[in-house]
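*Asks:* Here's a structure for you.
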Amino acid sequence: MKIYTRTGDAGKTGVIGGRVDKDDVRVEAYGTVDELNCFIGQAMGFLDAERDADLLADLLQIQHETFDCGSDLALLKQELRPYKVTAEMVDQLEAWIDKYDAETPDIQRFILPGGSQASSALHVCRTVCRRAERRVVTLARTQPINEEVRRYLNRLSDLFFTVARVANHRSGHGDVEYIRSAEVFRRKS
């Protein structure tokens, strides 16, 4: 199999069910999800294999699931195949958020990306995830999508915030508080 096909030389690309312009809003959406998947892989490289084994396993599962998100976003019509991203996947993200949040100290102020390399990389994942979510919102205004993808990405960015804090906490780095922030978070209950 050759890597290059030359079929995109005229500015079109294949999606599931047809061809669209390479800058089509659908391609922008799943392309940003693909970019997120790359950043997840990079962030995983900064985690400690032993100390962060649980986090690495969860992030690997998330890489598979973000690939599923991209696959669902590349689908022009649901009739062509069932969607891959489900409500249960969103529920799993919420369970992970709760588990990892319980591991971190309370915060009262906004925090800045920083501390450890792993935490900084996970904050990059958070912001790229938010951009992907915005692209999906734009796509959903004009074309049908799997609504679970939008929910998944919204919850996933919350998970990245949480695990960025976990990465700092486990490595002995504190969160970098935004010094001009008032106390905006309530204590965990």
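The values are calculated or read from the model by the stated rules, or taken from the named source; none is laboratory data. All of these numbers come straight from a predicted model, not from anything done at the bench. Here the Cβ positions follow ideal geometry from the backbone for every residue, glycine too, while neighbour counts run over all protein chains shown. For accessibility, only protein heavy atoms count, side chains too; no ligands or nucleic acids. Shrake-Rupley method; radii C 1.70, N 1.55, O 1.52, S 1.80 Å.
*Asks:* What FRET efficiency comes out for the pair residue 77/residue 22, r = Cβ-Cβ distance, R0 = 25 Å, nearest 0.05?
*Replies:* Here the calculated transfer efficiency is 0.80.
*Asks:* Same structure again: Quick check on the stretch 1-67: take the gyration tensor over C-alpha atoms, sort the square-rooted eigenvalues as a ≥ b ≥ c, and tell me if it's rounded (a/c under 1.5), prolate or oblate.
*Replies:* The shape class here is prolate.
*Asks:* Which of the lysines could a cross-linker span from residue 12 if the Cα-Cα distance has to be under 24 Å and same-chain partners fewer than 8 positions apart are dropped?
*Replies:* Straight-distance partners of residue 12: 2, 22, 77.
*Asks:* Let me have the relative contact order for the stretch 1-81, percent, based on Cα pairs under 8 Å that are six or more residues apart.
*Replies:* In percent, rounded to a whole number, it is 40.
*Asks:* 7 Å from Cα along Cα→Cβ at both residue 112 and residue 179: what's the point-to-point distance in nm?
*Replies:* It works out to 0.8 nm between the two label points.
*Asks:* Now for a different question. Just want to confirm a number: the relative contact order over the stretch 112-189, from Cα pairs under 8 angstrom separated by 6+ residues, in percent.
*Replies:* That works out to 47 percent.
*Asks:* I'm checking a number: the convex hull volume of the Cα atoms of the chain, normalised per residue, in Å³. What is it?
*Replies:* 147
*Asks:* Follow-up question, since we're still on this one. Explain nothing, just the number: relative contact order of the chain, from Cα pairs under 8 Å at least 6 residues apart, as a whole percent.
*Replies:* Relative contact order, the chain: 29 percent.
*Asks:* If you don't mind, there's one more thing I want to ask. At R0 = 25 Å, how high is the FRET efficiency between residue 64 and residue 99 if r is their beta carbon distance? Nearest 0.05 is fine.
*Replies:* About 0.85, to the nearest 0.05.
*Asks:* What percentage of the solvent-accessible surface of the stretch 36-155, computed with a 1.4 Å probe over protein heavy atoms, is contributed by carbon and sulfur atoms?
*Replies:* 53
*Asks:* So, counting K/R as plus one and D/E as minus one, what does the shell of residues with Cβ under 11 Å around residue 55 add up to?
*Replies:* -2
*Asks:* Related question: Calculate the length of the line joining the C-alpha centroid of the stretch 64-124 to that of the stretch 1-39, in whole Å.
*Replies:* Centre-to-centre distance over Cα atoms comes out at 22 Å.
*Asks:* On average, how much accessible surface per residue is there in the chain, in Å², for a 1.4 Å probe, leaving out ligands, DNA and RNA?
*Replies:* 55
*Asks:* If you don't mind, another one. Against the longest alpha carbon principal axis of the chain, how many degrees, from 0 to 90 and to the nearest 10, is the axis of helix 53-73 turned?
*Replies:* Taking Cα atoms only, the helix is inclined about 30 degrees.
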